[in-house]
Amino acid sequence: MGAKSTIEWIDATWNPVTGCTKVSAGCDNCYASSFATVRLKKWYLAQPPVVRSPDTLEDPFADRIWPERLRHPGSWRKPRMVFVNSMSDLFHADIPEEFQREIFAVMLKEDRHIYQVLTKRPGRAARFLSRNLSRMGIRELPEHIWIGASVEDQSVIHRVRQIRSTAVKVRFLSCEPLLGPLDLDLEGIHWVIAGGESGGRYRPPKEKWVLSVRDQCVASGVPFFFKQWGGRKPKAGGRLLDSRTWDEMPEPSGRLEAVS
């Protein structure tokens, strides 16, 4: 119905789509891929992939759509903070645009929840919204639907520019796993998350990288959340930065809310 999440600011995950393909260094140790190919393999392989081929039929992490899950947000009585597609990327090229529109229709209708949509394909997100907002009867996404981009190092800094071009009221960046220094232009960005990687092959971030991201947020007046240093387990390295926790996040209206 909507799995509970261990992420500090999320109440539930909602996965009407599963599966993805790797596009940059931040994908190398993808937890969703590992989860799909081990714990969920049998379950996922029972559902046909969007693109059918000998390879995708045997790949549990090929893109799959789950229409029956579209009803889940409507069944939640209390408002939730929802991570949309924690096991996928909503803007992957293989996801049918018609089904993407159905997902957004649910989010627009069930507006008591706040939805966070994170993508490594913000250019596709911007183009999708440009083509479809008028079909939804709106000019931009309302404040209860947040769109974010993953930005792990300077090689993908173009994603910041692309997410800025999306017609949404709340935009955020996830600099996790942080794999290198970042020089950020935070105009039009409303929240930044930073954190280290977890798992057996984790790549630890340097403290100066995290401090730089934080300081750029402070200078720009952008709320900053430090999630973790990472390690073999997500919280193995703790989450103190300069002897304190940084867990500031925006309300949908853009006002700062301290959640600690």
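The values are calculated or read from the model by the stated rules, or taken from the named source; none is laboratory data. Since the structure is predicted, the reported quantities are computational estimates derived from the model, not experimental observations. Every residue, glycine among them, receives a Cβ derived from its backbone with ideal geometry; neighbour counts consider all protein chains shown. SASA here: full protein model, heavy atoms, side chains in, ligands and nucleic acids out. Shrake-Rupley method; radii C 1.70, N 1.55, O 1.52, S 1.80 Å.
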For the range 194-224: of the residues being more than 13 Å from ASP153 (Cα to Cα) and either assigned to a strand (DSSP E or B) or of a type in the set (Lys, Arg) (or both), which is most open to solvent (accessible area, probe 1.4 Å)? ARG201
Return yes or no: is ILE145 in a loop (DSSP other than H, G, I, E, B), surrounded by 21 or more Cβ atoms within 10 Å (Cβ to Cβ), in contact with a strand residue (DSSP E or B) (Cβ under 7 Å, 6 or more places away or on another chain) and aliphatic (A, V, I, L, M)? no
Among residues belonging to the range 62-86 that are open to solvent by 20 Å² or more (accessible area, probe 1.4 Å) and among the charged types (D, E, K, R), point out the one that is nearest to CYS20 (Cα to Cα). ARG69
All but one of (1) over 14 Å from CYS175 (Cα atoms); (2) touching a Leu at 6+ places or on another chain (Cβ under 6 Å) hold for GLU251; state the number of the condition that does not hold. (2)
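Given ARG161, ARG101, ARG171, which one is outside any loop (DSSP other than H, G, I, E, B), farther than 29 Å from ARG203 by Cα and open to solvent by 10 Å² or more (accessible area, probe 1.4 Å)? Before the answer, list the steps.
Working: ARG161 fails: farther than 29 Å from ARG203 by Cα; ARG171 fails: farther than 29 Å from ARG203 by Cα.
ARG101 is the lone residue from the list that is outside any loop (DSSP other than H, G, I, E, B), farther than 29 Å from ARG203 by Cα and open to solvent by 10 Å² or more (accessible area, probe 1.4 Å).
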Residue check, ALA36 touching a residue at least 12 places away in the same chain (Cβ under 8 Å) and hydrophobic (A, V, I, L, M, F, W, C): yes
Checking the condition surrounded by 17 or more Cβ atoms within 10 Å (Cβ to Cβ), under 18 Å from TYR115 (Cα atoms) and among the acidic types (Asp, Glu), which residue from ASP59, ASP89 passes? ASP89
Among residues of the range 49-77, those that are farther than 19 Å from GLU98 by Cβ, in a helix (DSSP H, G or I) and without any contact (Cβ under 8 Å) to a residue 40 or more places away in the chain, counted: 5
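Check whether at least one residue in the range 150-158 is in a loop (DSSP other than H, G, I, E, B), surrounded by fewer than 17 Cβ atoms within 10 Å (Cβ to Cβ) and at positive phi, and report yes or no. Lay out the reasoning, then the answer.
Our first condition is that a residue be in a loop (DSSP other than H, G, I, E, B); within the range 150-158, this holds for 151-153, 157.
Going one step further and asking which of them are surrounded by fewer than 17 Cβ atoms within 10 Å (Cβ to Cβ), we end up with 157.
Of the ones still in play, those that are also at positive phi are none.
No: the range 150-158 contains no residue that is in a loop (DSSP other than H, G, I, E, B), surrounded by fewer than 17 Cβ atoms within 10 Å (Cβ to Cβ) and at positive phi.
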Cβ pairs under 6 Å, 6+ apart, first in the range 126-137 and within 16 Å of ALA93 (Cα to Cα) and open to solvent by 10 Å² or more (accessible area, probe 1.4 Å), second outside any helix (DSSP H, G or I) and not acidic (Asp, Glu): ALA126/SER165; ALA126/THR166
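Every residue, every condition in (1) part of a strand (DSSP E or B); (2) crowded, with 16+ Cβ neighbours inside 10 Å, yes or no:
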site	(1), (2)
THR18	yes, yes
ASN29	no, yes
ALA36	no, yes
GLN47	no, no
Over 16 Å from ARG124 (Cα atoms) and free of Cβ contacts under 8 Å to residues at least 60 places away in the same chain: is that true of ALA167 in this structure? no
Lone unmet requirement of (1) in contact (Cβ under 8 Å) with a residue 40 or more places away in the chain; (2) of a type outside the set (Lys, Arg); (3) over 18 Å from ARG164 (Cα atoms) for PHE226: (1)
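What about ARG52, is it open to solvent by 20 Å² or more (accessible area, probe 1.4 Å), touching a strand residue (DSSP E or B) at 6+ places or on another chain (Cβ under 9 Å), modelled with pLDDT of 95 or more and of a type in the set (Lys, Arg)? So that I can check it myself, show each step before the final result.
Working: open to solvent by 20 Å² or more (accessible area, probe 1.4 Å): yes; touching a strand residue (DSSP E or B) at 6+ places or on another chain (Cβ under 9 Å): no; modelled with pLDDT of 95 or more: yes; of a type in the set (Lys, Arg): yes.
Judged against the criteria, ARG52 is not a match.
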